[in-house]
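Comments concern the structure below.
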Amino acid sequence: MALPVIVDCDPGHDDMVALLLAGRHADLLAVTTVAGNAPLERSTYNALLAIQLFNFTAHVHPGADRPLTAKSGFATGLHGASGLDGPVLPPLHLSPSPRSAVEAILETTRQVDGCWLIGTGPLTNIALSLRADPTLLDRIAGISIMGGGLSFGNVTAGAEFNLWVDPEAAAIVIHSGAPLIISPLDVTHQLMVTPRFADQVRALDSSIASFMADLFRVFAERYRDVFFDEAIGPLHDPCAVLAVTHPELFEFREMAITVVTGHGPGRGLMLADRRASKLDEPINAKVAVRIDADAALDLVLRAIESIP
Ligand code: BDR
Ligand code: CA
């Protein structure tokens with residue numbers, strides 16, 4: 001039986017792939033959106049587009065339009081103003097649900113026991129849900145997030161975008177006591193899409209394949225322009241889904257994780273206390289440190305192929 005999941009996201013090229021994998025390999029009960037890569041209206045529009053293109057049935061629930069204590073910061077340099085630069089975006093025929101992200105998370109988890117919450121954007125909605133109803137913790141199987149970097153950052157030298165945008169929310173989630181899986185940059189940078197992969201996707205020869213191939217090509221090129229010397233785009237967010245649906249593809253380490261809050265130069269830094277076992281620090285996360293990238297890319301390819 002497929003695991004029940006709710007994906008909280010800010011699509012975003014890589015969030016689109018996370019949604020695709022969640023719909024294919026899990027029971028995708030709801031999608032909630034948050035301001036992150038682009039403003040909330042764009043995240044919501046793009047999530048609806050994903051549901052429409054992939055023929056999924058989950059409703060999309062708009063959530064927080066800003067972090068808990070700061071102004072939003074968008075990732076336009078990588079994802080463009082639309083959040084999905086690259087393909088021509090088709091007309092959208094779906095509308096967002098009138099129920100908010102927090103309502104959807106709380107109500108869905110009251111109806112279905114043992115959901116995984118999968119966070120692929122800033123963690124504002126999940127933090128607000130935990131705040132609104134702390135008993136949420138008793139109803140979920142756990143929280144799997146893409147966020148943080150053990151040894152490098154992508155917004156500052158040490159901080160990763162999702163945690164940096166809303167570190168206060170991240171701290172609530174990380175210290176919530178929920179079973180927590182973290183996919184940091186160190187693992188997501190092992191799962192790269194290249195122009196060659198985009199060509200393989202295009203060769204599947206369907207309209208969804210050309211759409212995804214355009215997404216991958218532009219994503220890889222943007223990373224070449226702002227981050228690497230070559231066109232390789234890290235598929236960050238799919239890791240947070242696969243860590244739940246295909247844990248056998250990963251190597252995990254248990255760690256004691258904290259996040260630096262506030263507005264100083266360390267904002268959003270994720271700290272893993274490697275002394276934890278000696279200090280009796282509470283271990284609060286399973287951190288993905290290695291992924292079988294070939295197997296994961298094959299799952300992405302097969303998922304695209306499965307869309308009629
Ligand atoms: C994260 O930030 C966004 O750009 C991606 O969608 C991913 O969730 C990587 O730092
Ligand atoms: Ca994201």
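The values are calculated or read from the model by the stated rules, or taken from the named source; none is laboratory data. These numbers come from a predicted model, not from an experiment. Cβ sites come from the backbone with ideal geometry, for glycine too, and all protein chains shown count toward neighbours. Side chains are part of the model used for accessible areas, which takes the heavy atoms of the whole protein and leaves out ligands, DNA and RNA. Shrake-Rupley method; radii C 1.70, N 1.55, O 1.52, S 1.80 Å.
Inclusion of THR76 among residues that are within 15 Å of THR120 (Cα to Cα) and among the polar types (S, T, N, Q) is not warranted. Screening region 124-187 for helices (runs of 4 or more DSSP H) wholly inside it with 2 or more residues that are open to solvent by less than 20 Å² (accessible area, probe 1.4 Å) and touching a strand residue (DSSP E or B) at 6+ places or on another chain (Cβ under 9 Å) returns the ranges 124-132, 161-165, 167-174. Take LEU279 and tell me if it is free of Cβ contacts under 8 Å to residues at least 24 places away in the same chain, within 20 Å of PHE152 (Cα to Cα) and of a type in the set (A, V, I, L, M, F, W, C). So LEU279 fails the test.
Anything in region 150-165 that is of a type outside the set (A, V, I, L, M) and within 8 Å of ligand 1 (Cβ to nearest atom)? List them, or say none. Please lay out each step first, then the result.
So the first thing to find is which residues in region 150-165 are of a type outside the set (A, V, I, L, M), and the list is 151-154, 156, 158, 160-162, 164.
Selection gives ASN154, GLU160, PHE161, ASN162.
From the list VAL201, VAL193, exactly one residue is farther than 18 Å from GLY63 by Cβ, more than 16 Å from ligand 2 (Cβ to nearest atom), of a type outside the set (D, E, K, R) and touching a residue at least 60 places away in the same chain (Cβ under 8 Å). Which is it? It is VAL201.
In region 92-109 there is at least one residue matching the filter, namely being within 16 Å of ligand 2 (Cβ to nearest atom) and either part of a helix (DSSP H, G or I) or open to solvent by 30 Å² or more (accessible area, probe 1.4 Å) (or both).
Take LEU215 and decide whether it is buried (at least 17 other Cβ atoms within 10 Å of the Cβ), within 16 Å of ligand 1 (Cβ to nearest atom) and of a type outside the set (Phe, Trp, Tyr). Spell out how you get there, then give the answer.
Numbers: buried (at least 17 other Cβ atoms within 10 Å of the Cβ): yes; within 16 Å of ligand 1 (Cβ to nearest atom): yes; of a type outside the set (Phe, Trp, Tyr): yes.
Answer is yes for this residue.
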